[in-house]
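A short write-up of the structure that comes next.
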Amino acid sequence: MTGRLPFLVTILAGSFLLFMVQPMVARLALPSLGGAPNVWNSAMLVYQALLLGGYAYAHFIGRFAYRTQVIGHVALLVLAALTLPIALADIGEQRQDLATFWVPLLFLASIGPLFFAVSAQAPLIQRWFGAVPDAGDPYPLYAASNFGSFAGLFAYPLLLEPYWRLETQTLAWALGYGTLVLLTAFTGWTMIRARRADGATAAVTTAVPPTSEKPSTRTILLWLALSAVPSGLMLSTTAHLTTDIVAMPLIWAIPLGLYLLSFTIAFADNRTLAFVFCRLAPSFVMLAGGLSLTGASKLPLMAGLASVAMLFVIAVALHSRLFALRPAPDRLTFFYLIMSAGGALGGVFAALVAPTLFDWVWEHPILVLASAALLPSLAWFDWPSARGLDERTKRIVALGIVLAAAIAAAVLFRLDPESDSLLRAILYSGIALCGVLLAFHRWYFVAVLAILMAAMGGLPAIDASLKGMRERSYFGVYTVRTDDYQKTLAHGTTLHGAQLLGKDRRNDPTTYYGPNSGVGLAMRHAGDDANIGVVGLGVGTLACYKRPNQHWTFFEIDPLVVGYSRDGAFTFVRDCAPDAEMVIGDARIELAEGPAHRYDVLAVDAFSSDSIPLHLLTREALQTYMRSLAPGGVLAVHISNRYIDLEPSLAALADAEGLQAMVRRDNPPGGWPLTSSWWVVLAKDKATLDALATFDDQRWLQIRRDGRPVWTDSHASVLPFIDWGGIFSGP
């Protein structure tokens, strides 16, 4: 009998490389394509399509003789290697009106052949292992495949990105790919040799058709559902975390990593851990899923942990049910093809369909409810039958429990979250217990979960959507709230801007843009005929610093924000700068293509939430900004952030480019509507900053340095500089 080791190592290596290349190529494209949401979403769609294609290829090639399979697949890997080293393909100039198609085409041309070839490794190598006489069940090798994917995904931000330049990263990946080709050839040869040694020479040179029973249509649809729901839930959890909980950097990697890790448990040889997860799943779904329509409140860490823990438990449980429904090894590639199609369907629903249909991340509670309906059966927990109740009595008891949960939910909904927190917790636990008691019946269980969701934020969320308070774009969810005093715009949980409602104060600067903030002082210091550029529009607060003869230009990547600020709920731009030029697109690209030496003041405030678009803070980006400044011009960069101290990064950039820099840490004494803010200003000569520093006798500080490396387009990572204490303590 041939050992499992060569097959295991080959699968691990392929999956490791496959998921390491995903963030690497997105990172490679970021400076030229603009904002991170565009790049990552486009990359994920291409990757899912290529993965589906790779699994289809693995299923197709399986109809040929094993020798043909090995020779053909190794030849495909070698042909794909002709596109190494990894680099962005030259497919012509980008057109904004065709960006939806141009960006995916760029990824297809850049990484398509390599990704397609490697994506076929997992099902194909498992098929080869299953062809070895007396090899055993090949399905547990899929656990190893996903562990390799998990390791590759986190190896990039933890090991490669912080320490290696992109050029070194792509070279290392190419060397790894060469090793994979050799491993694949050796593994194929091992399989053929083992079959010959067992007397199966004919089977080496001829195709072996499936002999097991063909799966029914119902089974295939169930495979699709059990694959689609965890895939969609992984993406919806990411959206839920970044929209309503905590928009910390790299948050997208955690749900994806746990999703991959779930396969390792669900498809493992030892079923003990999968069994435990399946038994815990109903309680987890009820306790954490009930919060799916609730924001983070004052506990972002706890809400975030509950959300990702629920995803992990659900994914293990549903994938374990999928494993239990697996066909015989001779239909292995077809099974994985359906799984891949289901994963792609879930991704399309969460990434494309839901943002188009919904004004909020409604896909998240929908997928949680779908998960509850698909959990493995808990027939062993059928306590009514154990007590001898007939079906009619069981139904009456179940409906009574649902009614009790509904009454408790009505009381829970009316309680004050601040003053009645203990009673709310007791009622919440009681409703969750009602749900767990009904785990023997899927639909009663789902009904109680829906009731709990409605009581814990569902009804207000529905009301907000019905009243048109929210809108959703490619870049996030925006909520406009109005009270007797002000109107605010929130991007997820982060305040995007505020405007006072009184006519005498509606044009007063608010939040981070007060008269004594760094940007406020820079605008007040600018000349009466200055040319002003602002990267990041927000609600347009800065517009009211405009003086009659000044020319202002706003750069904004999201057309929806322009609608709010120029034509909609907020009047700063209409009142103070109606003639301002609006440029829609990624500011770095637009500035690079625009005229040089144009702006006397350029303010950069394009950081949505607390996630850092690194391509706006690299050395190359700074060179683009300075190119756009007129002689004696000032660059002002907003660095207020809950999780990353950006001041030393700006200091490192200034030193690398020979610029002068200082920082203004403004803490307004009067409080709201002004908030604390940190702004860094940079200029080519000291005299420019000296003049600004003495303006109105305000106090500026020397910028702080800590020796951190300069961020460049080819080498930048925020991971070493995250303030984990800020994340764990919450806002």
Problem set entry | Selected residue (criterion: surrounded by the fewest Cβ atoms within 10 Å (Cβ to Cβ)) from residues of the range 178-198 that are under 24 Å from Gly136 (Cβ atoms) and of a type in the set (Gly, Ala, Ser) | Ala197
Exercise. Got at least one residue in the range 122-135 being among the polar types (S, T, N, Q) and over 14 Å from Phe19 (Cβ atoms)?
Worked result: yes
Exercise. What number goes with the only condition from (1) modelled with pLDDT of 90 or more; (2) over 22 Å from Asn516 (Cβ atoms) that Met662 does not pass?
Worked result: (2)
Exercise. Among the residues of the range 518-531, which ones are touching a strand residue (DSSP E or B) at 6+ places or on another chain (Cβ under 6 Å) and surrounded by 22 or more Cβ atoms within 10 Å (Cβ to Cβ)?
Worked result: Gly518, Val519, Ala522
Exercise. Within the bounds of the range 461-476, is there any residue that is more than 23 Å from Ala490 (Cβ to Cβ) and either in contact with a Phe, Trp or Tyr (Cβ under 9 Å, 6 or more places away or on another chain) or assigned to a strand (DSSP E or B) (or both)?
Worked result: no
Exercise. Only one of these conditions is not met by Ser640: (1) touching a residue at least 40 places away in the same chain (Cβ under 8 Å); (2) of a type in the set (Ser, Thr, Tyr); (3) not in a loop (DSSP other than H, G, I, E, B). Which number is it?
Worked result: (3)
Exercise. Would you call Leu367 of a type in the set (A, V, I, L, M) and either within 29 Å of Arg424 (Cα to Cα) or in a helix (DSSP H, G or I) (or both)?
Worked result: yes
Exercise. Looking only at the range 261-273, which residues are surrounded by fewer than 22 Cβ atoms within 10 Å (Cβ to Cβ) and small (Gly, Ala, Ser)?
Worked result: Ala268
Exercise. Taking the condition at pLDDT below 90 and touching a Ser or Thr at 6+ places or on another chain (Cβ under 6 Å), does Gly62 pass?
Worked result: yes
Exercise. Checking His597 against (1) part of a helix (DSSP H, G or I); (2) at pLDDT 85 or above, which test does it fail?
Worked result: (1)
Exercise. Has the range 507-517 got any residue that is surrounded by fewer than 22 Cβ atoms within 10 Å (Cβ to Cβ), within 17 Å of Gly568 (Cα to Cα) and at pLDDT 90 or above?
Worked result: yes
Problem set entry | From Ala75, Ala87, Ala109, residue being part of a helix (DSSP H, G or I) and modelled with pLDDT under 95 | Ala109
Exercise. Does Leu175 satisfy being surrounded by fewer than 20 Cβ atoms within 10 Å (Cβ to Cβ), over 23 Å from Ala324 (Cα atoms) and within 22 Å of the chain's Cα centre (by Cα)?
Worked result: no
Seminar exercise, completed: The residue from Val539, Val573, Val534 that alone is on the phi < 0 side of the Ramachandran plot, assigned to a loop (DSSP other than H, G, I, E, B) and either surrounded by 24 or more Cβ atoms within 10 Å (Cβ to Cβ) or in contact with a Ser or Thr (Cβ under 7 Å, 6 or more places away or on another chain) (or both) is Val539
Problem set entry | the range 533-555 residues that are free of Cβ contacts under 8 Å to residues at least 60 places away in the same chain, paired with ones that are assigned to a loop (DSSP other than H, G, I, E, B) and of a type in the set (Phe, Trp, Tyr) (beta carbon under 7 Å, 6 or more apart) | Val539/Phe570; Gly540/Phe570; Thr541/Tyr513
Exercise. Say we look at the range 535-566 and pick out the residues that are among the β-branched types (Val, Ile, Thr) and under 27 Å from the mean Cα position of the chain (by Cα); which of these is nearest to Ser628 (Cα to Cα)?
Worked result: Val535
Problem set entry | Hey, Arg481 in contact (Cβ under 8 Å) with a residue 24 or more places away in the chain and either touching a Phe, Trp or Tyr at 6+ places or on another chain (Cβ under 9 Å) or part of a strand (DSSP E or B) (or both) or not | no
Exercise. Can you name the residue in the range 648-696 that is charged (D, E, K, R) and surrounded by 19 or more Cβ atoms within 10 Å (Cβ to Cβ) and, of all such residues, is farthest from Ser628 (Cα to Cα)?
Worked result: Asp666
Problem set entry | Answer from Val402, Val411, Val436 - the residue that is closer than 23 Å to Ile462 by Cα and touching a residue at least 40 places away in the same chain (Cβ under 8 Å) | Val402
Seminar exercise, completed: Of Pro355, Pro376, the only residue that is closer than 21 Å to Leu437 by Cα, in contact with a Lys or Arg (Cβ under 7 Å, 6 or more places away or on another chain) and surrounded by fewer than 24 Cβ atoms within 10 Å (Cβ to Cβ) is Pro376
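The values are calculated or read from the model by the stated rules, or taken from the named source; none is laboratory data. What you see is a predicted model; the values in this text were computed from it and never measured. All Cβ positions, glycine included, derive from the backbone under ideal geometry; neighbour counts span all protein chains shown.
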